[in-house]
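Asks: Structure provided below as structure tokens; questions to follow.
The values are calculated or read from the model by the stated rules, or taken from the named source; none is laboratory data. Every value quoted in this text rests on a predicted model; they were computed, and no experiment measured them. A quick note on method: Cβ atoms are made from the backbone with ideal geometry, for glycine too, and the neighbour counts reach across all protein chains shown.
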Amino acid sequence: MARFLAGRLADGLVAILGVVSIVFVISRLLGDPTVLLLPLGATEQQLAELRAALGLDRPLWEQYFAFLAGAAQGDFGQSFQFMRPALQVVLERMPATMALALSALMIGIVLGALAGSLAALYRGTAIEAGVMVLALLGQATPVFWLGLLLILLVAVDLGLLPTGGYDGPASLILPALTLGTFTTASIARLLRSSMLEVLRDDHVRTARAKGLLPGTVFLWHVARNSLIPVVTMAGILAGELLGGSVVTETVFSWPGVGRIIVQAMEAKDFPVVQAGVMVIATTFVLVNLLVDLLYGVLDPRIRSRG
């Protein structure tokens, strides 16, 4: 198990290094931030002095290795906009992003598990057809379009919920529903397929032949053995929700990491962009590591092989 964890951590570090390296290069292609930081009419000498103060006059490879050395110590530099440590700016907004992502994930798991179970148990009926149609629509609907539609219908026309920003728990409902739609559809379709496969297994027929109650057969022999691919999907989706929250946070003006990354890109605030991507990538790796550990809990055969 120790070798397995070490290997997974090594893979995760390589993935994080690759992501932040790509973001480092792309962020430098956005343009010169000193043009935005100084007032209009600034002289070329003033621009050059600010570039030197920010370390942007050095060769790109030198900036890259300086960035890696600082990132290894948790230092991503000072934010150009806020004049504070970039990591501090990002971490202040991480709770809002985590609340949104976890709420969307819980909505997806609960509704997706319910819909997928119904589709599997009532195979060949109108219930299954309805669930599959809704799941297909949920996966095909653009997040930004669904968010704007919910704002117009629920917030503007009906006035039931806030249109955006953060003003208490009610402000979380529409963004979480928007972000959780794709998760719900994905889990429903995957769980249905997994359950239909398990229902054909010999151990399920044996349990029924023993006279076990249908609820017992479903919970202990069907649902549990159908969860491993769903757990894998949930782990992947959890990471995607953190990264995919950028669009949702922008639509709903949610004060999270995704929105601050978009604002930092517009302002060419390289340190905040790099710190934000690093935090999201690290969280994604840790979530997937946790999913790997959960396999042993759900399936003792995996634990014994480990």
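Asks: Does residue 110 satisfy being part of a helix (DSSP H, G or I), more than 18 Å from residue 32 (Cα to Cα), touching a Phe, Trp or Tyr at 6+ places or on another chain (Cβ under 8 Å) and aliphatic (A, V, I, L, M)?
Replies: no
Asks: Within the range 256-306, which residues are assigned to a loop (DSSP other than H, G, I, E, B), among the charged types (D, E, K, R) and modelled with pLDDT of 70 or more?
Replies: 268, 269
Asks: Something else about it: Quick one: count up the residues across the range 39-76 that are more than 30 Å from residue 14 (Cβ to Cβ), hydrophobic (A, V, I, L, M, F, W, C) and out of contact with any helix residue (DSSP H, G or I) (no Cβ under 7 Å at 6 or more places or on another chain).
Replies: 5
Asks: Taking the residues in the range 120-132 that are among the aliphatic types (A, V, I, L, M) and over 25 Å from residue 241 (Cα atoms) as candidates, determine which candidate is surrounded by the most Cβ atoms within 10 Å (Cβ to Cβ).
Replies: The qualifying residue surrounded by the most Cβ atoms within 10 Å (Cβ to Cβ) is 120.
Asks: Looking at this structure, is residue 28 more than 30 Å from residue 190 (Cα to Cα) and more than 24 Å from the chain's Cα centre (by Cα)?
Replies: yes
Asks: Is there any pair linking a residue in the range 154-170 that is within 18 Å of residue 97 (Cα to Cα) to one that is aliphatic (A, V, I, L, M) and assigned to a loop (DSSP other than H, G, I, E, B), with Cβ under 8 Å and at least six apart or on different chains, and which?
Replies: 170/161
Asks: Can you tell me which of 123, 51 is farther than 21 Å from residue 280 by Cα, touching a residue at least 24 places away in the same chain (Cβ under 8 Å) and either assigned by TED's automatic domain parsing to the domain that holds residue 281 or in a helix (DSSP H, G or I) (or both)?
Replies: That would be 123, the only listed residue that is farther than 21 Å from residue 280 by Cα, touching a residue at least 24 places away in the same chain (Cβ under 8 Å) and either assigned by TED's automatic domain parsing to the domain that holds residue 281 or in a helix (DSSP H, G or I) (or both).
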